[in-house]
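Values quoted throughout were computed directly from the atomic coordinates according to the rules given, and no laboratory measurement underlies them. This is a predicted model, so every value here is computed, not measured. In this analysis, Cβ positions are derived from the backbone assuming ideal geometry, glycine residues included, and neighbour counts consider all displayed protein chains.
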Amino acid sequence: MMTRLIAALGILALALGLAGTASAQSSSRIYDPSSKTWISFDPEKVERDATARGRVTPERFRRTLVPFRTSEPPGTIIIDTDRKYLFYVLPDFQAIRYGVGVGREGFGWSGEVEVGRKAEWPTWTPPAEMIERDPDSAKYAGGMPGGPDNPLGARALYLYKDGRDSLYRVHGTNEPWSIGHSVSSGCIRMNNEDVIDLYSRTEPGTKVIVLKQGAALYDPTS
């Protein structure tokens, strides 16, 4: 059982960065798209954290309506990676706040992008570099069909910068306990029910702001 779980966590870790997957052989590594190499990943730590949290999303990371003052117009998405929150801006200084999983140490990023396209139960296709380093992923070279086992979850928002795919995504997950964790290579993951809700509110062209580290907007203890 533990072996199967660790292997699954390896797949989970890859899915967060390039929405990837991996075999048990690569379960202790995570793919870094910048250096195009595999780096160390500690699935046992994720396992310990998940067990300690009861394998459910903590109350503070569950979807809720909150007061939210910003000069950005309604419809903007603002992601606070420090506090693990995604805000969907509403009129009258309010926002829907969702809990998210974000990039692990060394894989955080910030900037302004936009939703380039959207997909329901999206297909995942590993990049050529990943296949080269993990031959087992070659079985998905033609694309892993969308579905409950797909690491992209129920929905995906593909983030573009200057008209080009940034390779980052906002996507779903079947592992609710991972919300609030920093385990990815930069993608933003949400509970499936939350990403479905966000998906229904957004269109291509939606502005997405990822805050710099230390620029947290909301204190989860308040």
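Summary table
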| quantity | calculated |
| --- | --- |
| Measure of compaction for segment 133-188 (Cα Rg per 2.2 N^0.38 Å) | 1.27 |
| Over 19 Å between alpha carbons, listed pairs K161/K207; K84/K212; K139/K161 | K139/K161 |
| Relative packing of 159-165, 195-201, which averages over residues the other C-beta atoms within 10 Å, highest first | 195-201, 159-165 |
| Distant-in-sequence amide H partners of T76 (H built 1.01 Å from N, under 5 Å) | V89 |
